[in-house]
1. Of the residues that sit in the stretch 70-125 and are touching a Cys at 6+ places or on another chain (Cβ under 9 Å) and not β-branched (Val, Ile, Thr), which one is nearest to Leu2 (Cα to Cα)?
2. Restricting attention to the stretch 119-157, report how many residues are under 10 Å from Ala86 (Cα atoms), among the hydroxyl-bearing types (Ser, Thr, Tyr) and touching a residue at least 40 places away in the same chain (Cβ under 8 Å).
3. For residues that are of a type in the set (Val, Ile, Thr) and not in a helix (DSSP H, G or I), scanning just the stretch 153-174, find the one that is farthest from Asn71 (Cα to Cα).
4. Pairs, please: C-beta under 8 Å, at least 6 apart or cross-chain, first residue in contact (Cβ under 8 Å) with a residue 24 or more places away in the chain and surrounded by 17 or more Cβ atoms within 10 Å (Cβ to Cβ) and in the stretch 1-25, second among the acidic types (Asp, Glu) and outside any helix (DSSP H, G or I)?
5. Only residues that are at pLDDT 95 or above, of a type outside the set (A, V, I, L, M, F, W, C) and in contact with a strand residue (DSSP E or B) (Cβ under 9 Å, 6 or more places away or on another chain): list them for the stretch 39-57, please.
6. Given Ile65, Ile60, Ile78, which one is over 14 Å from the mean Cα position of the chain (by Cα) and under 24 Å from Leu19 (Cα atoms)?
7. In the stretch 76-99, what count of residues is obtained for those that are in contact (Cβ under 8 Å) with a residue 60 or more places away in the chain and either more than 15 Å from Ile157 (Cβ to Cβ) or of a type in the set (Ser, Thr, Tyr) (or both)?
8. Which of the residues belonging to the stretch 105-122 are assigned to a strand (DSSP E or B), under 18 Å from the mean Cα position of the chain (by Cα) and of a type outside the set (Asp, Glu)?
Amino acid sequence: MLLVVDNGSIYTKNLTNFLTEKNISFEQQTPHSLNLDSISKYDSFILSGRRRNEKKINKINSKIIKHSINNNNKLLGICYGAEILALSLGGTIRKSPSLQKGNESIQILMDNSICDGSIEVFESHGYEISKLPRELVPIAKSKNCKFEIIQYKKKPIFGTQFHPEMSKDGNDLIEKFCLL
């Protein structure tokens, strides 16, 4: 069962509408309503973007990430979800030189199970990953961001700096992730 952790992004409705349209079974919870003792009943997670920084949300998302790593669960972190993935493992983020908002071409750097070639996506973020921890590898970049898609080495754990729920190529990525 897939758990969508709704961290408050304005785009989460697009994500859940897409999953519903594709008949992908999921549950949706906010970090505040989630009982962390129940996360073992899920085999995959999508961490949405967020609107504001909150310690409690960061702590809960970090626990889900560590649970996923330790139990070989699938995880897709979107925007903030990718940033907290990097931060939870010792990476760093920084304020972007300028607000990234709009369509972007992403170049895939290495073979992976969720996308290939070049994809068109939608960006909407003011922060970005600046340093990856050693467990994470960059698998895609753009002219504005060198860590557009990251992956935990040899695990089905991914992060996208962009919002895949907002474009056709991004939706394809989400579907491939769900079907892994």
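1. Lys74
2. Looking only at that region, the number is 1.
3. Going residue by residue through the stretch 153-174, those that are of a type in the set (Val, Ile, Thr) are 157, 160, 174.
When the remaining residues are screened for being not in a helix (DSSP H, G or I), the result is 157, 160.
Details: Ile157: 11, Thr160: 21 Å.
The extreme case among them is Thr160.
4. Qualifying pairs under 8 Å: Leu2/Glu27; Leu2/Asp43; Leu3/Glu27; Val4/Glu27; Thr12/Asp6.
5. Result: Lys41, Tyr42, Asp43, Ser44, Ser48, Gly49.
6. Going through Ile65, Ile60, Ile78 in turn, just one is over 14 Å from the mean Cα position of the chain (by Cα) and under 24 Å from Leu19 (Cα atoms): Ile60.
7. 2
8. Of all residues in the stretch 105-122, those assigned to a strand (DSSP E or B) come to 105-108, 118-122.
Checking the rest, the ones that are also under 18 Å from the mean Cα position of the chain (by Cα) come to 105-108, 119-122.
Passing the criteria: Ser105, Ile106, Gln107, Ile108, Ile119, Val121, Phe122.
The values are calculated or read from the model by the stated rules, or taken from the named source; none is laboratory data. Since the model is a prediction, treat every value here as computed from it, not as a measurement. Glycine also receives a Cβ, built like all others from the backbone with ideal geometry; neighbour counts cover every protein chain displayed.
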